[in-house]
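A quick write-up on the structure given underneath.
Nothing in this text is a laboratory measurement; each read-out follows from the coordinates by a stated rule. Here the structure is a predicted model, which is why all the values come from computation and not from measurement. Here the Cβ is made from the backbone with ideal geometry for all residues, glycine too, and neighbour counts use every protein chain on show.
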Amino acid sequence: SEQTFNTSVLIGPDGRDIATYCKTHLFDVAVGGRVYRESAVTRPGDRVVVADACGQRLGMSVCYDLRFPELYRALIDHGASLIAVPSAFTATTGRDHWEVLLRARAIENQVAVLAANQFGRHDNGTISYGRSMIVDAWGTVLARVPDGEGMAIAAIDFARQAAVRADLPALTHRRTDLYGSSPHTT
């Protein structure tokens, strides 16, 4: 069978494609009594993507990528000022992990996270958790969609994000001499 990529496309205000990102971490797991093998139909991407969008630098990720803090740190190292994570978290994993992981990625990288998550039952019986949200660099949930369909809308205060980074300069306190990642620059 032919494999495809799980791809997120960033579209600009003029309707043109700005960037595409192919999910790098495939969901090959057994949880909640179900086995998922995304790699059976999907190939992993092989690059970190950060793109200019509306005056900011948007880091791109997809769903299961959220569980890999190294990717999110790489997005920051590539200059991301916010990160998008369109997802299909299951009800089983979402209930206990969705908000915790989103807030953790926002806090540890001092960056706003935009998280759209599917909601409802799929034809194969999988239930997506929903609860899309926007989290700021302090880890505060600025907006969230309750159970069901809806939209989360919030103003992201990039001056506050800069203040968080200045007041709690964890990104500049990194010991890259010990664990080998490139230093953060602003």
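Just a few scattered comments:
- Amide proton proximity set for Thr90, modelled H, under 5 Å, gap of 5+: Tyr129
- Ordering Ile134, Gly33, Thr4 by the projection of their Cα atoms onto the charge dipole of the chain, which places +1 on the Cβ of Lys and Arg and -1 on the Cβ of Asp and Glu, puts Gly33 at the extreme positive end.
- Cβ-placed point charges (K, R +1; D, E -1), dipole of the stretch 32-127 about Cα centre in debye, nearest 20: 200
- Sites His78 and Asp177 - FRET efficiency at Förster radius 22 Å, r taken between beta-carbons, to 0.05: 0.60
- The charge dipole of the chain, taken about its Cα centre with unit charges on the Cβ of Lys, Arg, Asp and Glu (plus for the first two, minus for the last two), comes to roughly 260 debye.
- Charge sum, other residues only, whose C-beta stays under 14 Å from Asp147's C-beta, Lys/Arg counted +1 and Asp/Glu -1: +2
- In percent, rounded to a whole number, the relative contact order of the chain is 14, using alpha-carbon pairs under 8 Å and six or more apart.
- Within the chain, helix-based [θ] at 222 nm, where runs of 4 or more DSSP H residues each add -39,500 (n - 2.57), nearest 500: -6500 deg cm²/dmol
- Residues whose amide H lies under 5 Å from that of Ser81, counting only those 5 or more places away or on a different chain, are Arg57, Leu58, Gly59; hydrogens are built 1.01 Å from N in the peptide plane.
- With a cut-off of 11 Å between beta carbons, the residues surrounding Thr93 carry a summed charge of +2, where Lys and Arg count +1 and Asp and Glu -1.
- Scanning residues 5 or more positions from Thr42 or on other chains, those with amide H under 5 Å from its amide H are Thr4, with H placed 1.01 Å from N in the peptide plane.
- Of all beta bridges that DSSP places with both ends in the chain, some 70 percent have antiparallel geometry.
- Cα gyration tensor category, rounded, prolate or oblate, for the stretch 6-135 with a/c compared to 1.5: prolate
- At R0 = 30 Å, FRET efficiency that the Cβ-Cβ distance of Asp28 and Asp147 yields, to 0.05: 0.60
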